[in-house]
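Let me begin by presenting the structure, written as structure tokens, before commenting on it.
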Amino acid sequence: MEINEILQYLPHRYPFLLVDRVLELEEGKRILALKNVTMNEPFFPGHFPNHPVMPGVLIVEAMAQAAALLSFKTMGVKPDENSVVLFAGIDNVRFKRQVVPGDQLMFDVEILQGKRNIYKYKGVARVGDQIATEAELMCALKTKS
């Protein structure tokens, strides 16, 4: 899935779109997506000026964006201006490696459970063969009223 198709499924835009490409997608099962981390990211000047590190919360957010892509493709729907995927819970988050400019983050997210419009996922973010972050995510598809 290239960036133009990703933009059809996620409402996020620069600077908050954190998925550059989807490499693999098995509907109802898992997704493998990537983000190229560059020095041009808007958070690096402040996090941290002399030692740029990608904030962990943004790594978790990127996993959630990959999970949203998986959910929409699994449900066979494209979101519209009245739908949004929101966090319902985040558990067992572990940060094991810093992510810095020049890294390529790979997000491997699998569906653990899905009922109605609520899904639970297991996500792992890697740089090469090293785990950067692990988390269990729960997200809900909501319709804005």
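The values are calculated or read from the model by the stated rules, or taken from the named source; none is laboratory data. No experiment lies behind these values; they were computed from the predicted model shown. Every residue, glycine as well, gets a Cβ built from its backbone with ideal geometry; the counts of neighbours run over all protein chains shown.
Residues are listed down the side, and each one gets a yes or a no for (1) at pLDDT 95 or above; (2) touching a Gly at 6+ places or on another chain (Cβ under 8 Å); (3) among the β-branched types (V, I, T):
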position	(1), (2), (3)
H51	yes, no, no
M54	yes, no, no
E61	yes, no, no
G76	no, no, no
V84	no, no, yes
I90	yes, no, yes
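Return the total of residues in segment 7-55 being within 25 Å of R116 (Cβ to Cβ), touching a strand residue (DSSP E or B) at 6+ places or on another chain (Cβ under 7 Å) and among the aliphatic types (A, V, I, L, M).
Residues flagged as within 25 Å of R116 (Cβ to Cβ), touching a strand residue (DSSP E or B) at 6+ places or on another chain (Cβ under 7 Å) and among the aliphatic types (A, V, I, L, M) within segment 7-55 amount to 5.
What are the residue pairs meeting all of these: first residue in segment 60-82, first residue touching a residue at least 60 places away in the same chain (Cβ under 8 Å), second residue surrounded by fewer than 19 Cβ atoms within 10 Å (Cβ to Cβ) and of a type in the set (D, E, K, R), Cβ atoms under 6 Å, and 6 or more apart or on different chains?
Final answer for the pair search is K73/E27; N82/K144.
Only one residue in E24, E5 is at pLDDT 95 or above, acidic (D, E) and assigned to a helix (DSSP H, G or I). Which one?
E5
Could you tell me which of the residues P52, P11 is outside any helix (DSSP H, G or I) and within 25 Å of D129 (Cα to Cα)? Can you show your working first?
On the way: P11 fails: within 25 Å of D129 (Cα to Cα).
After ruling out the rest, the residue left standing is P52.
Looking at V85, V109, can you tell me which residue is free of Cβ contacts under 8 Å to residues at least 60 places away in the same chain, surrounded by 13 or more Cβ atoms within 10 Å (Cβ to Cβ) and part of a strand (DSSP E or B)? Break it down into steps so the answer makes sense when it comes.
On the way: V109 fails: free of Cβ contacts under 8 Å to residues at least 60 places away in the same chain.
Going through V85, V109 in turn, just one is free of Cβ contacts under 8 Å to residues at least 60 places away in the same chain, surrounded by 13 or more Cβ atoms within 10 Å (Cβ to Cβ) and part of a strand (DSSP E or B): V85.
Those residues that are hydrophobic (A, V, I, L, M, F, W, C) and outside any loop (DSSP other than H, G, I, E, B), I need them from segment 88-106; list them, please.
Pass one, segment 88-106, residues hydrophobic (A, V, I, L, M, F, W, C): 88, 90, 93, 95, 99-100, 105-106.
Residues satisfying the conditions are A88, I90, V93, F95, L105, M106.
Restricting the first residue to segment 5-23 and requiring it to be exposed (fewer than 14 other Cβ atoms within 10 Å of the Cβ), which pairs with a second residue that is modelled with pLDDT under 95 and not in a helix (DSSP H, G or I) meet a Cβ separation below 6 Å and a spacing of at least six or different chains?
If the second residue must be modelled with pLDDT under 95 and not in a helix (DSSP H, G or I), the pairs left are Q8/K78.
Pick out the one residue from E136, E81 that is more than 19 Å from R13 (Cβ to Cβ) and charged (D, E, K, R).
E136
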